[in-house]
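What follows is one structure encoded as structure tokens, with my remarks underneath.
Laboratory data are not the source of any read-out in this text; all were calculated from the coordinates shown. Worth saying up front: this structure is predicted, and the values here are computed from it rather than measured. All Cβ positions, even for glycine, are placed from backbone atoms using ideal geometry, and neighbour counts span all protein chains on display.
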């Protein structure tokens with residue numbers, strides 16, 4: 001079910017950040033195993049049948065991005081809060097995927 005110990009730990013951290021509306025910083029590996037560091041506004045965690053995914057607003061890309069939780073090497077909740085802004089909320093994201 002994809003719930004390894006690291007995934008469980010990251011999900012707990014992500015849920016905490018979502019509840020507190022705090023930005024997170026993560027070390028992330030993409031499908032090609034290229035690593036990057038990201039600071040994002042976490043909006044929601046979703047299970048798509050095989051993997052857990054974080055939906056977030058990426059400040060660098062100025063767009064929604066999805067990140068597989070099993071590809072997160074580390075996740076840190078920052079002291080930086082964020083406020084829901086029009087066009088950047090989970091409801092806005094869900095509208096984009098409903099079309």
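What the table shows:
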item: Identified option (computed Rg and Dmax of the Cα atoms in Å; candidates [x] 15.8, 51; [y] 12.8, 35; [z] 26.0, 87); result: [y]
item: Computed lengthening from residue 94 to residue 29, 0.36 nm per intervening residue step minus Cα-Cα distance; result: 20.9 nm
item: Calculated [θ] (222 nm, deg cm²/dmol) that DSSP helices of n ≥ 4 give over the chain, each run adding -39,500 (n - 2.57); result: -8000 deg cm²/dmol
item: Extension gain from residue 59 to residue 47, taking 0.36 nm per residue of separation minus the Cα-Cα distance; result: 2.0 nm
item: Contact order normalised by residue count of region 5-98, Cα under 8 Å, 6+ apart, percent; result: 30
item: Spin-label pair residue 39/residue 70, simplified geometry with 7 Å Cα→Cβ offset, distance in nm; result: 3.0
